[in-house]
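The structure appears right after this line, and notes come after that.
No lab work stands behind these numbers, since they all come straight from the coordinates. Computed from a predicted structure; not experimentally measured. Ideal geometry is used to build each Cβ from the backbone, glycine not excepted, and the neighbour counts take in all protein chains shown.
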Amino acid sequence: MSTKISRRLLLTGGALGAAGLALHHLGARAAAREVATRTPRDARVEALVALSCDTSGAPHVERAAFLEAGAVTGTLPVTHAEADALLAALDAADFGAFQRSGLRLAGRSFRFIKDDRDDGATVLHAVRPGEFVTVRAIAATPVTPVRVVIVTSGAGMAHGRAVDALARFARLTRDAHTFA
């Protein structure tokens, strides 16, 4: 599939297109058919999971949440209070509260490790025993209203693959807007 067609598929298919594109690049046609029967909300999580797979097919993203236009969606149950605190810290670029008392997500406390800048986006990393979490700010566009994506990796998963999958997901959503 050519890059131009891939980007158009992502653009016209929205979140479902993102999942299909990610799965196509991995050669998982059966999984793509399975994703096509799900809701777009689940398809974005599946796209992140598919993008995180290693050569053996093992996924390295366990759960994901999307913070967008006042809503929290995905498979990670982030509360609105946690989302508001996270968005306020990202808007102010002040992570001192996270450094002092940890990052709270889905009712659990994570020890804040560091914040990065990657491809112009703020990326936060935190950990708790047996689980890593990565938070990436994504600029909202007309194509994707998502402001923040959060992914978790469990014990035995490669956190670096989850971070890479999140970066590729952000590029796919950005490119869908750029090449509209």
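Label positions at A92 and D116, each projected 7 Å from the Cα along the C-beta direction, are separated by 2.6 nm. Comparing the range 42-150 with the 2.2 N^0.38 Å rule of thumb, its C-alpha radius of gyration ratio is 1.05 (two decimals).
Taking 7 Å steps out from each Cα toward its Cβ at T79 and A155 produces label points 2.6 nm apart.
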